[in-house]
2 protein chains.
Amino acid sequence: MWVEPYPEFSPERPLFICILANTETAKIPNISAAGKSPELTDYTPAADAELVETGKAISITEPPMCPSGAPTPAVLTRASKLLTDIPCLFINAGLNVRPKIHHIDINGNPGGDIRKGHAVPDVVDIYKRSAALGRTIAKLSDLVIIGESVPGGTTTAMGVMRALGYDGKVSSSFPNNPVEIKNKVINEGMKKSGVTFGSLKDDPLRAVFCLGDPMMAAASGLVDGLKTRTILAGGTQMVSVLSIIKNLGLERDVSIATTRYVADDPSANFREMTEILGVHAFASDPGFGNSRIKGLKMYENGDVKEGVGAGGAMFLAAMMGYSQKEFREKAEEVYDSLFSIS
Amino acid sequence: MWVEPYPEFSPERPLFICILANTETAKIPNISAAGKSPELTDYTPAADAELVETGKAISITEPPMCPSGAPTPAVLTRASKLLTDIPCLFINAGLNVRPKIHHIDINGNPGGDIRKGHAVPDVVDIYKRSAALGRTIAKLSDLVIIGESVPGGTTTAMGVMRALGYDGKVSSSFPNNPVEIKNKVINEGMKKSGVTFGSLKDDPLRAVFCLGDPMMAAASGLVDGLKTRTILAGGTQMVSVLSIIKNLGLERDVSIATTRYVADDPSANFREMTEILGVHAFASDPGFGNSRIKGLKMYENGDVKEGVGAGGAMFLAAMMGYSQKEFREKAEEVYDSLFSIS
């Protein structure tokens, strides 16, 4: 099985949602590989959404890449969309650059720099509006998969988990996880906001306010409003959303689906955290070791790993009966049409 | 029957969509009554959406009113939402003021002043993005009701219908329809853009470009993409959308639902136009002659008449088995909670 455990769901009207946000945290040098340079991270979520929806980035002239040259995981999400024909919606939870396609706006502001200690001043507004959106969507869909595109998002994820008292180790879109820089940034933010390990365990939205990002507020609010079956599609960033949901005391039918690159990342502790949080976890393997395309093979080296709901997108493809080979070939096709090389 | 003919539909997942737009045309003095002053019309669509979604306007301190004091028809749409619990989504097709609730953004720009002859420069982009949105929504809903909030929208409606060769006479939110001003503005716009009666009958998007508003581009694109059963909820503005759809050659299952205030307005020709265009038309009567509330009774004098999909909202309530009395009482309740008077 290329998705473990095999997803035994049979929804009638599944919906894929991807939450987009920018933060100033992403612009701290060497924090994020989601963009060729720190400044370009502002364009990454918009370009990811455009790529999934239309097959090409519109807001920038080339598709979002890691500095290494590995392509954005939006390629995988696009492949799943083409295979499964599932409806996709994108949420602007706080962007500097809006995607040039239809998307849902919840009037959130981009996140700040967590070193200043007030990363998401409008966390409550974002949460409430997203919950209202969730209540609307619950009437239309019976299985919602929620992914994200938030450069710098693993740093904010780790910060929030610490504030809630979890030793969440996070993954990275760099092959060598810049753990030291992340720790330094988080420690600075915790000091500035007067937060210590676990001190906000009873006030998770305050943890997002101080150290998080707008996606977290939107994702947890959405789950609150949805009340329908939900799959969080992501790695350690979605683990931090799970920790927020748990500490808010929300009882919802939520699982998590990620890639094996995150699930097996020794610098993170994905499996341990999902056990602590008591949620079902799915891990998908696109089998890129067999790919004829160098950019996709780079995923096997630990470049990129996850994002734009790629793990959940593979979960979806598997749930709807597509094989690993069919998925990989579709991803290669998407890659080819993006770069016109093979 | 308070809705004629009785709507014999039994959808499983109906969805109400309201398309919002601003235009410079609305700011021409005495054109629009959708706002206490021409400048305030910029706030009307946002406030309407906020009122339907949350029960109160957020972007302005009081609910949108006509200069006469009659309340926005969003009151009726809110009443239907409360009765039927139907999901509602709002689309920003081109706004100067965004609603402070979740909504769908299709990256449209506000419309210009039609006297300048290029009212919607991005008509094709809006149409295409809206069609893509329609294809997504078609997978989630089996009956979509589409309303609008566009101050000044009857003038742009009349302009587009003339360019397409229809003698569409439009209604007004003023009790005395300012037909002469509308004619003068439209004639100026037609002259400026070199358009004569019927000269754009084969190029309806060009008619919107020259003389229309962003809502028309969004609504017709949405219908194109949806392919599912659709009810256009509105008066003469939605008749102009029907004329665009017809002249584009789109074959879709589209009907129109409005209020009896529009259907019976002698200054307009709603029934004649829907016959010419060959669509089913529904007209609803909230029975406000029996209302204890003066502001609602004013509808009987020809104030307001329609908007924010009010006619379609009543259609929905009737379709789901609610009586005229139940609807009127719910509208009174909404009015009371807005104005805290009775």
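Every read-out reported here was derived from the displayed coordinates using simple, explicitly stated rules and does not represent laboratory data. Values in this document were obtained by computation on a predicted structure and should not be read as measured data. Here the Cβ is made from the backbone with ideal geometry for all residues, glycine too, and neighbour counts use every protein chain on show.
Picking from B:Pro151, B:Pro45, B:Pro178, which is most flexible by a Gaussian network model of chain B using Cα springs under 10 Å?
Between B:Pro151, B:Pro45, B:Pro178, it is B:Pro178 that shows the largest mean-square fluctuation.
Using modelled backbone amide H atoms (1.01 Å from N, in-plane), which distant-in-sequence or interchain residues come within less than 5 Å of B:Phe282's amide H?
B:Ile256, B:Ala257, B:Thr258
Explain nothing, just the number: dipole magnitude of the protein assembly as shown about its Cα centre with +1 on each Lys and Arg Cβ and -1 on each Asp and Glu Cβ, in debye rounded to the nearest 20. Before the final figure, lay out the partial values.
Working: 70 positive and 78 negative charges, 143 e Å.
So the dipole magnitude of the protein assembly as shown works out to roughly 680 debye.
Checking the a/c ratio against 1.5 first, then a/b against b/c, what shape does the Cα gyration tensor give for region A:174-275?
The shape class here is oblate.
Spin-label point model (7 Å from Cα, Cβ direction): what's the A:Asn183 to B:Ser10 distance in nm?
Taking the simple label geometry, A:Asn183 and B:Ser10 are separated by 6.5 nm.
Which residue, A:Asn290, A:Asn22, A:Asn30, tops the fluctuation ranking in a GNM of chain A built on C-alpha contacts under 10 Å?
A:Asn290
In cubic angstrom, how much convex hull volume per residue do the alpha carbon atoms of region B:146-227 span?
Expressed per residue, the convex hull around the Cα atoms of region B:146-227 is 96 Å³.
May I ask what percent, to the nearest 5, of DSSP beta bridges between residues of chain B are antiparallel?
So the antiparallel bridges in chain B amount to around 10 percent.
With r as the distance between the Cβ atoms of A:Glu251 and A:Ser68 and R0 = 45 Å, compute the FRET efficiency 1/(1 + (r/R0)^6) and round to 0.05. Present the calculation step by step, with values, prior to reporting the outcome.
Working: r = 41 Å, r/R0 = 0.92.
Working from the Cβ atoms, E equals 0.60.
Going by a ≥ b ≥ c, the root eigenvalues of the Cα gyration tensor, does region A:249-321 fall in the rounded group (a/c under 1.5), the prolate group (a/b larger than b/c) or the oblate group?
Oblate shape, in that a/c is at least 1.5 and b/c is the bigger or equal ratio.
Give the nm distances, rounded to one decimal, from B:Ser323 to the matching residue in every other copy, measuring between label points 7 Å along Cα toward the beta carbon; shortest first.
Ordered by distance, the counterparts are at 6.3 nm.
Please give the length that would be gained between A:Glu272 and A:Lys325 if that part of the chain were fully extended, namely 0.36 nm times their separation in residues minus their C-alpha to C-alpha distance (nm, one decimal).
16.1 nm
B:Ser68 label points, 7 Å along Cα→Cβ, one per copy: pairwise distances from this copy to the rest in nm, shortest first?
6.9
How fast does the protein assembly as shown diffuse by Stokes-Einstein, in µm²/s, taking the Kirkwood radius from C-alpha pairs at 25 °C and 0.890 mPa s?
Details: Rh = 25.7 Å.
Estimated via Stokes-Einstein, D reaches 95 µm²/s.
Taking a label point 7 Å from Cα toward Cβ, how far is B:Ser337 from its twins in the other copies, in nm, shortest first?
4.7
What average number of partner chain Cβ atoms lie no more than 10 Å from the Cβ of the residues making up B:97-103?
Mean partner-chain Cβ count within 10 Å for B:97-103: 6.
Taking amide H positions as placed 1.01 Å from N in the peptide plane, with prolines and chain starts having none, which residues 5 or more places from B:Ile17, or on another chain, fall under 5 Å of its amide H?
For B:Ile17, the qualifying residues are B:Leu89, B:Ile145, B:Ile146, B:Gly147.
Of the GluC sites (Glu not before Pro) in region A:237-322, which ones lie in a loop per DSSP and count no more than 14 other C-beta atoms within 10 Å?
Here the sparse-neighbourhood loop sites are A:Glu251.
Place +1 on the Cβ of every Lys and Arg and -1 on the Cβ of every Asp and Glu in the protein assembly as shown, take the dipole about the Cα centre, and give the residue among B:Leu82, A:Val179, A:His118 whose Cα lies farthest towards its positive end.
A:His118
Only helical DSSP H runs with n ≥ 4 go in: add -39500 (n - 2.57) per run for chain A, normalise by residue count and round the 222 nm mean residue ellipticity to 500 deg cm²/dmol.
Details: 13 runs with 140 residues, N = 342.
After summing the helix terms and dividing by residue count, I get -12500 deg cm²/dmol.
Straight-line reach from B:Lys246: which aspartates and glutamates have a Cα under 17 Å away, not including same-chain ones fewer than 8 places off?
B:Asp167, B:Asp202, B:Asp203, B:Asp224, B:Glu272, B:Glu275
Which values of log₁₀ I(q)/I(0), to two decimal places, follow from the Debye formula for region B:1-48 at q = 0.15, 0.26 Å⁻¹ with a uniform point scatterer at every Cα?
Log10 I(q)/I(0), no solvent term: -0.61, -0.92.
Tell me, what ³J(HN,Hα) does each residue in region A:322-334 have, in order and in whole Hz, if you take phi through Karplus 6.51 cos²θ - 1.76 cosθ + 1.60 with θ = phi - 60° and put x for Gly and Pro?
7, 8, 4, 5, 4, 5, 4, 5, 5, 5, 5, 4, 5
Please list, in order along region B:132-139, the HN-Hα scalar couplings obtained from phi with the Karplus expression 6.51 cos²θ - 1.76 cosθ + 1.60 (θ = phi - 60°), rounded to whole Hz, x for Gly and Pro.
Along region B:132-139, the couplings run 4, 4, x, 5, 5, 5, 4, 7 Hz.
Return the sequence-ordered ³J(HN,Hα) values of region B:224-232 in whole Hz as given by the Karplus equation 6.51 cos²θ - 1.76 cosθ + 1.60 applied to θ = phi - 60°, using x for Gly and Pro.
Result, rounded to whole Hz: 4, x, 5, 6, 8, 5, 9, 10, 7.
Which residue, A:Val308, A:Val185, A:Val239, tops the fluctuation ranking in a GNM of chain A built on C-alpha contacts under 10 Å?
It is A:Val185.
Find the centroid of the Cα atoms in region B:290-329 and in region A:93-140, then give the distance between the two in whole Å.
Distance between centres, Cα-based: 34 Å.
Filter the cross-link list B:Lys182/B:Lys325; B:Lys36/B:Lys201; A:Lys81/B:Lys81; A:Lys100/A:Lys330; A:Lys169/A:Lys227; B:Lys201/B:Lys227 down to pairs whose alpha-carbon distance in this structure exceeds 30 Å.
B:Lys182/B:Lys325; B:Lys36/B:Lys201; A:Lys81/B:Lys81
Which three extents, in whole angstrom, do the alpha-carbon atoms of region B:42-195 cover along their principal axes, largest first?
46, 40, 26
Test of understanding: what is the full-extension gain from B:Asp85 to B:Arg135, defined as 0.36 nm times their sequence separation minus their Cα-Cα distance?
15.6 nm
What shape does chain A take by its C-alpha gyration tensor, where a ≥ b ≥ c are the square roots of the eigenvalues and a/c under 1.5 counts as rounded, a/b above b/c as prolate, and the rest as oblate?
rounded
Non-local amide H neighbours of A:Tyr322 (under 5 Å, H modeled in plane, Pro and chain starts lacking H): which ones?
Here the answer is none, since no amide H 5 or more places off falls under 5 Å of that of A:Tyr322.
Looking at region B:1-74, which GluC sites (Glu not before Pro) are in a loop (DSSP not H, G, I, E or B) and have at most 10 other Cβ atoms within 10 Å?
Answer in residue order: B:Glu8, B:Glu12.
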